[in-house]
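The values are calculated or read from the model by the stated rules, or taken from the named source; none is laboratory data. Just so we're clear, the structure is a prediction, and the values are computed from it rather than from any experiment. In this analysis, Cβ positions are derived from the backbone assuming ideal geometry, glycine residues included, and neighbour counts consider all displayed protein chains. Remember, those area values only see protein heavy atoms, side chains included, never the ligands or the DNA or RNA. Shrake-Rupley method; radii C 1.70, N 1.55, O 1.52, S 1.80 Å.
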Amino acid sequence: MKQDKIEDLTTIRIDKENLINRFMRYVVIDTESDPNSDTTPSTKKQWDLANMLVEELKHIGLTDVTIDENAYIMATLPSNVDHKVPTIGFISHFDTTPDFTGANVKPQRIDAYDGKDIILNKKEQIILSPDYFEDLKLYIGQTLITTDGTTLLGADDKAGITEIISAVEYLVNHPEIKHGDIRIGFTPDEEIGRGAHKFDVKKFNADWAYTMDGSQIGELEYENFNAAGAVVKIKGKIVHPGYAKGKMVNSMYIAQDFINSLPRLETPEHTSDRQGFFHLHQMEGDVEETTLQYIIRDHDKEHFEARKEMLSKLAGALNEQHGQEVITVTIKDQYYNMREKVAPVMHIVDLAEEAMKSLDITPIIKPIRGGTDGSQLSYMGLPCPNIFAGGHNFHGRYEYVPAESMVKATEVIIRIAELAAGNN
């Protein structure tokens, strides 16, 4: 963008205190999802925040505010220009992960962070330290919102919801900022991989969208893992150990052979950037039967397919070695790299990058080492890159978010809306 055009853009002034208060109202509501449930949403308590958000969107003055039988929320901020403008969506999820409790969240506010250890819980001696979490040093002098050390915070992704609602509220109150139709979508169950499963892309009716679900300020992501889950079942044979010679087949030993035959350094703790991995995340067994549960991840589609084939071939080799079928492998694809769907419309990434730069934010464009609703939505026909929401250390007691990062994310949403309307 040329310098004179940057100067033509509107100055945005977000009230940090109002944003913090909104975020704190959201995080104290327990919305933990449940992977063992077959309902949508997977937990009834997700309705508590969902219904509150609906009323808030109506109060702000949005139109077409709806919530369906599965708690998917949609709303519209109508265009205030008289020329044709793309309809842009902003999407976040209101559930929190079942990896760590989200009940009885007690957010703590640290003003003018001094760069030292933060005592989250004096009684339990739980400390958030920059010696271990070095990113804390990026936020010296800023306002941090943390946990009390006994729960997660829920910035993933209630920070995103806070930013989206604050942004559209700002646009309602500042009609001098010109924009097209803005569509808002809030989803349940993203943390258990179902956030987009029942999302009605046709009803949402946007040309493209952005999930506000990234971490550090500046993150802009349009690549993610190809993902699959694998269940490996090993059958053994139990007989009395005193008379077991030549008869007993211990499934746990075969499981050990299977585990050790996979590349040891191709695991999450040994990989980074675009490197893929096999992750054994659950194991249960006895002599007669052992079950291994893996997730398979790779950014490269060919490598992804090769990883799945490796599991199947390994099972075949062990079956041949034992002279019978002792191992079965069931592999199910989960989601794919959104780059394939976003690359043909890279202007939507360029627009977000331009918005950040106009706000003196340095874009950090990198692949996601995980998944996002945006991946599934992109394959459903709604190209959907991911933008930072500001939080760190998601899914645990050390989660925190700088309020200033949430302010900046809110500004990015507003700026994207402004730029998309041709106001640059």
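Brief remarks on what is shown
- Of the solvent-accessible surface of the stretch 41-154, computed with a 1.4 Å probe and all protein chains present, 49% belongs to carbon and sulfur.
- Proximity of backbone amide H atoms, modeled 1.01 Å from N, is registered between ILE126 and LEU120, ASN121 at under 5 Å, excluding neighbours fewer than 5 places apart on the same chain.
- Expressed per residue, the C-alpha convex hull volume of the stretch 352-424 stands at 104 Å³.
- Bins of 5 Å from zero: percent of alpha-carbon pairs in the stretch 301-424: 2, 9, 13, 14, 15, 12, 9, 7, 6, 5, 3, 2, 1, 0, 0
- Close lysine pairs were tallied over the stretch 285-424: pairs 8 or more places apart or on different chains with Cα atoms under 22 Å apart number 11.
- An ellipsoid equivalent to the stretch 65-143, defined through the eigenvalues of its Cα gyration tensor, has semi-axes of 39, 21, 11 Å when rounded to whole angstrom and sorted largest first.
- Contact order for the chain, expressed relative to its length and based on alpha carbon pairs under 8 Å spaced 6+ residues apart, stands at 23 percent.
- Beta bridges assigned by DSSP with both partners in the chain are antiparallel in approximately 75 percent of cases.
- Using a probe of 1.4 angstrom and keeping all protein chains present, the accessible surface of the stretch 283-424 works out to 41 square angstrom per residue.
- Summary value for the stretch 205-309: 33 percent relative contact order, contacts being C-alpha pairs under 8 angstrom separated by 6+ residues.
- Semi-axis lengths (Å, descending) of the ellipsoid that matches the C-alpha gyration tensor of the stretch 1-104: 33, 19, 14
- Backbone phi angles across the stretch 198-214, fed through the Karplus curve with coefficients 6.51, -1.76 and 1.60 (θ = phi - 60°), yield HN-Hα couplings of 10, 6, 8, 4, 5, 5, 4, 6, 10, 6, 7, 8, 10, 8, 9, 8, x Hz in residue order; Gly and Pro are listed as x.
- Accessible surface of the stretch 266-383 [probe 1.4 Å, protein heavy atoms]: carbon and sulfur percent: 47 percent
- Distant alpha-carbon pairs in the stretch 106-254 (separation over 28 angstrom), percent: 52 percent
- Net charge of the neighbourhood of ILE217, taken over other residues with C-beta under 9 Å away and scored Lys/Arg +1, Asp/Glu -1, is -1.
- Euclidean distance of C-alpha centroids, the stretch 1-76 and the stretch 260-302, integer Å: 35 Å
- When only Cα pairs below 8 angstrom with a gap of at least 6 residues are kept, the stretch 1-148 shows a relative contact order of 21 percent.
- Taking N as the residue count of the stretch 338-384, its C-alpha radius of gyration divided by 2.2 N^0.38 Å amounts to 1.22.
- Probe 1.4 Å, protein heavy atoms only - accessible area per residue of the stretch 47-179 in square angstrom: 43 Å²
- Debye log10 I(q)/I(0) at q = 0.14, 0.19 Å⁻¹ for the stretch 187-288, Cα point scatterers: -0.82, -1.11
- Furthest towards positive pole of dipole, PRO86, TYR210, THR410, structure part the chain, Cβ charges: TYR210
- When Rg and Dmax are taken over the Cα atoms of the stretch 116-180, they come to 17.0, 52 Å.
- Percent of Cα pairs exceeding the 37 Å cut-off, where the set is the chain: 30 percent
- Proximal aspartates and glutamates relative to LYS235, as straight alpha-carbon distance under 17 Å, when same-chain residues fewer than 8 apart are discounted: ASP257, GLU284, ASP286, GLU288, GLU289, GLU320, GLU325
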